Amino acid sequence: MSKKCLRIAAFVLFGIFTIAAADGQELRYPLKTIRELNEVPLDSLLRGNDNSPFNGDTVRVAGIAITAPGEAFSGTGTVSFYLQDIGGGPWSAMLVRQADATDPTGVTGIQIGDSVVVLGWIDDFANSSLSPSSSTQINILLSSFQDPDKLGVLQIVSANNPVPAPVLVTADSLSTLAKGEKWEGMFVAINDLTVVNTALPSNQMSAQDNSGTIILDDHLDGIFQYLSGQPTGQKWQPFATGAKFNLKQALIRGYFLQNLPFSLNPRAIGDLQALSKPPVISNVKRAKNFITSSDAVEVEAKILVPGGGTVKRAELVYSVNGTAYKALSMTSADSIYKTQVSAQSNGVYVKYYIKAQNSFGDSTYVPADTTLGMYFYLVRDGALTIKDVQWTPFGFGTTLATGPSSYEGIEVTVSGVVTTSTDPYHFSGSYFMQTSAGPWEGIQVADNVNKPNLGDSVTVTATVRENFGMTRLATVTKFTNHGAAKKPVLPLRIRTGDFRTNSRAAEQYEDVLIKFENVAISNQKPDAERAVNRSRFGEYEISDGSGGVRMNDESALIRWGDELPYVFSAGDSIKTVVGIGFYSFSNFKIEPRDSTLDVIGIKRAGTAVKEQPGLAPVAYTLAQNYPNPFNPETTIRYQIAKSGAVELSIYNMLGQKVRTLVSGQQTVGSYTRIWDGRDDYGRSVASGIYLYQLTAGTFREVKKLVLMR
């Protein structure tokens, strides 16, 4: 039997099943268009509310599949595809999501061009805790287990139908929620784009037309697979900074970074039609790691010209201590271009970037956005300090993570006083050390072997690493504890506005022991999901009137928990908050070390001043890991309601134990553990779906997580 006949037979069998399951539902749930389910009034969009007017309702809807099942990731263990009204137009597309991950058949029989009727319930999932927007989806249940309030049936009506063509738009038409929401879930095209930055986090790239900026992302599997195979820093080959191209098709999806509400997701690299091919600059290196006033510094870069042509000119452009820029010509041996920056005085810094032009006149440079950061180095005679390792002239930018160290990837030796306890570990196997009460003076040490006490003077030899935008020391090779320091490091008093997210001053307080005074709870739930209004991840926003900053519970001695009951309410005031300056999930935040010693003078709104101890958990809970999917590590949080034996383990989908994260006695409290994607033997495990199980007394709960390498 031919493949076509097999597919027709499958339609018949699947149709008999689904029609039987849907018997009588046609009258109860009249057929609606996707536009009816999607469209939101302009006044709601201007207020930031893009939820479907049918949120929570069970509906029937018909459309054409415009992506294949699994082509777009939609959550752990689930399969999904995008559905569009056959006539296209605004508001005409949404995600269809298989809600039951245990169903053996799922929706894998769907192909692009299939005409489909779906019976399911509508909800809006939050694009991020950092964004007010959400995305509308219809959920279906296919297995024999049915939630009586949530029906689900999927019926394939016909195959090989024409798919609506991509809509030609501009960057400006996607620049706000009010302008772009009507295109979400659809394929669009944009012409005459110029690459701005190919080195954004998470495989993203920014580009501009003459009306504004867009973000390209890897939500669809074809482009994800392509980018996963490219070397770091050169993922969007050959689209170097300055390259011009047409975007032939890309799926519009809700977004939450770079201050833009949407991302554009091509199917494959071929959806970017190159109009010019400037040189590609990569592998920028300096010859020396530690630079003194007697050293001339050699810098090299690999420069290639895609599509023929030659490098006409290559230059290193540099500035000393922020003075006027100078250009040095780079000479080549094969494709490696080199030059030397002359020796400079002790204590100065040199920042630089590389630019090149090909024989066709196309130019490019790296780093991609020199307004946010460049390569740089310090000239230092003598031993390095923590401040040398932490300091950067670029601060924090809204489209960049925190400023990277000039010693990234280099083993250094620094000394300081320990500012957090390691008994028990306050910060998941890390401690912090600091030289004095000043900016740039603190650093995190990822070290689960040596356990210094709070106030000890230590010297550490380790490698400088940027960990999700936060500079820290890792892979400790030498540790010396000199005993208790002669005097402890005192917290540095600053204003909350100095440390707020997107403040260019905030970077200097990363890892530093800081103090806020006379603050109030300005937001009780800064991470609440719009659709269900619940998750908080143990964070509050506090402000002294100069701007809000998050107060978090990473310390093992502070566990405010993810859900109710809340420790603080909006309007509560706190006389003093002390903690470590921290950065995670795109936000600066303060991490108190102890709930009673670092959070002092709590006054409940409308009551007298009195101290409020932290609240112990009242139930066993196992939270969903975050981030998910993840690479290279993810955080798992859980609560223990009764002291006793606890085990937290990772299993593969065959039920084989991969890693034991916790095994032993634990007291009542909230806990955090990090899984780094390795097994019990320290080996990296393969990409895929894994299970994590918490067992405590008679309580047992299992959740899924996804590792994507």
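Bear in mind that the values in this text are calculations on the coordinates, not laboratory data. These figures come from a predicted structure and were not determined experimentally. Please note: Cβ atoms are built from the backbone with ideal geometry, for glycine as well, and neighbour counts cover all protein chains shown.
Under 5 Å from the amide H of residue 348 lie the amide H atoms of 379, each residue being 5 or more positions distant or on a separate chain, with H modelled from the backbone and absent for Pro and chain starts. Using the rule -39500 (n - 2.57) for each DSSP H run of four or more residues, divided by the residues of the chain, the 222 nm mean residue ellipticity is -2000 deg cm²/dmol.
Working from Cα pairs under 8 Å separated by at least six residues, relative contact order for segment 398-615 is 17 percent. Just so you know, the Cα atoms of segment 439-493 work out to an Rg and Dmax of 12.2, 34 Å. Using a cut-off of 16 Å between alpha-carbon atoms, which aspartates and glutamates can reach residue 451, once sequence neighbours fewer than 8 places away in the same chain are excluded? Of all the aspartates and glutamates, those that pass the test against residue 451 - Cα under 16 Å, at least 8 places apart if same chain - are 423. Across all Cα pairs in segment 167-274, the calculated P(r) in 10 Å bins from zero up to the longest distance comes to 16, 55, 27, 2 percent per bin. Here the contact order of the chain, divided by its residue count and restricted to Cα pairs under 8 Å and six or more residues apart, works out to 7 percent. When the Cα convex hull of the chain is projected onto planes of every orientation, the mean area is 35.0 nm².
For residue 312, the residues whose modelled amide H falls within less than 5 Å of its own, excluding neighbours fewer than 5 places apart on the same chain, are 357, 358, 359.
Beta bridges assigned by DSSP with both partners in segment 621-707 are antiparallel in approximately 95 percent of cases. The peptide list 363-374, 684-695, put in order of mean Cβ contacts within 10 Å with the highest first, becomes 363-374, 684-695. Direction-averaged projected area, Cα convex hull, segment 398-615: 12.3 nm², rounded to one decimal. When each of the peptides 111-118, 574-581 is scored by how many other beta carbons lie within 10 Å of its residues on average, the order from highest to lowest is 574-581, 111-118.
Cross-link partners of residue 387 among lysines, defined as those whose alpha carbon lies under 18 angstrom from its own and excluding same-chain residues fewer than eight positions apart: 351. Each Lys or Arg adds one and each Asp or Glu subtracts one; over the other residues with Cβ under 13 Å from the Cβ of residue 505, this totals 0.
Taking all Cα pairs closer than 8 Å and separated by 6 or more residues, the relative contact order of segment 621-707 comes to 32 percent. Pairwise inverse Cα distances across segment 285-378, averaged and inverted, put the Kirkwood hydrodynamic radius at 14.0 Å.
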